[in-house]
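This report refers to the structure that appears directly beneath it.
The values are calculated or read from the model by the stated rules, or taken from the named source; none is laboratory data. Note that the structure is predicted; figures quoted are calculated from it, not measured. Every residue, glycine among them, receives a Cβ derived from its backbone with ideal geometry; neighbour counts consider all protein chains shown.
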Amino acid sequence: MSLAIAPESLPLIEDSDGVIRVGGTRVTLETVVEAFNEGATAEEIAAQYPALHLGDIYATITYYLRHRADVDAYVQRQEQRAETVRQENLARFDQKGIRERLLARKAQSA
């Protein structure tokens, strides 16, 4: 009996917003890559994100190591996108006195 060697599909899926998620979960590619780059092992990532399967984490790390420039560029675009949204939200919603307004709202409902 010989070992059947067949290609495995990647556990990465791009959602309708263009966000790449791992293993059919809500965990993003950049979350796994960031944890890995901070020194976490696949097992530590699995402990931190129990929705992920260990094999999917290893496959994601392998993909990252083989396509580092592309993944790093994607992560950078996602960070820029998040910063743009953050700036839009800051411009849209007045941040001055927010703590006081929230405390006043809490006092009214109590």
- Message: Just the residues that are part of a helix (DSSP H, G or I) and loosely packed, with under 10 Cβ neighbours inside 10 Å, please, taken from the stretch 86-102.
- Response: Ala91, Arg92, Arg99, Glu100
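Going through Arg86, Arg99, Arg21 one at a time, which residue ends up being charged (D, E, K, R) and at pLDDT 95 or above? Steps first, answer last, please.
Values: Arg86 fails: at pLDDT 95 or above; Arg99 fails: at pLDDT 95 or above.
One residue alone meets the criteria, Arg21.
Suppose the filter is at pLDDT below 95, over 28 Å from the mean Cα position of the chain (by Cα) and either loosely packed, with under 10 Cβ neighbours inside 10 Å or in a helix (DSSP H, G or I) (or both); does Gln108 pass it?
On the way: at pLDDT below 95: yes; over 28 Å from the mean Cα position of the chain (by Cα): yes; either loosely packed, with under 10 Cβ neighbours inside 10 Å or in a helix (DSSP H, G or I) (or both): yes.
When the stated conditions are applied, Gln108 passes them.
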- Lone qualifier among Thr41, Thr25, Thr62 - being among the β-branched types (Val, Ile, Thr) and within 15 Å of the chain's Cα centre (by Cα): Thr25
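Go through the stretch 47-99 and report how many residues are within 17 Å of Gly24 (Cβ to Cβ) and touching an Asp or Glu at 6+ places or on another chain (Cβ under 9 Å). Spell out the reasoning first.
At the first step, the residues of the stretch 47-99 found to be within 17 Å of Gly24 (Cβ to Cβ) are 49-60, 63.
Within this subset, residues satisfying the condition of being touching an Asp or Glu at 6+ places or on another chain (Cβ under 9 Å) are 54-55, 57, 59.
Result for the stretch 47-99: 4.
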- Message: Condition first: crowded, with 17+ Cβ neighbours inside 10 Å and not in a helix (DSSP H, G or I). Now tell me which residues in the stretch 41-85 satisfy that.
- Response: Tyr49, Leu52
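Let's see how each residue does on (1) over 13 Å from Leu12 (Cα atoms); (2) of a type in the set (Lys, Arg):
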site: Arg26; (1), (2): no, yes
site: Asn37; (1), (2): yes, no
site: Ala51; (1), (2): yes, no
site: Arg68; (1), (2): yes, yes
site: Leu90; (1), (2): yes, no
- Counting only residues that are hydroxyl-bearing (Ser, Thr, Tyr) and exposed (fewer than 12 other Cβ atoms within 10 Å of the Cβ), the stretch 1-37 contains a total of 3
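I'd like to verify a number: residues in the stretch 9-40 that are in a loop (DSSP other than H, G, I, E, B), under 21 Å from Arg81 (Cβ atoms) and of a type outside the set (Gly, Ala, Ser), how many? I'd like the intermediate steps shown before the answer.
Taking the stretch 9-40 and keeping what is in a loop (DSSP other than H, G, I, E, B), we get 9-11, 15-19, 23-27, 38-40.
If we keep only those that are under 21 Å from Arg81 (Cβ atoms) as well, we get 15-19, 25-27.
This time we only want the ones that are of a type outside the set (Gly, Ala, Ser), so: 15, 17, 19, 25-27.
Result for the stretch 9-40: 6.
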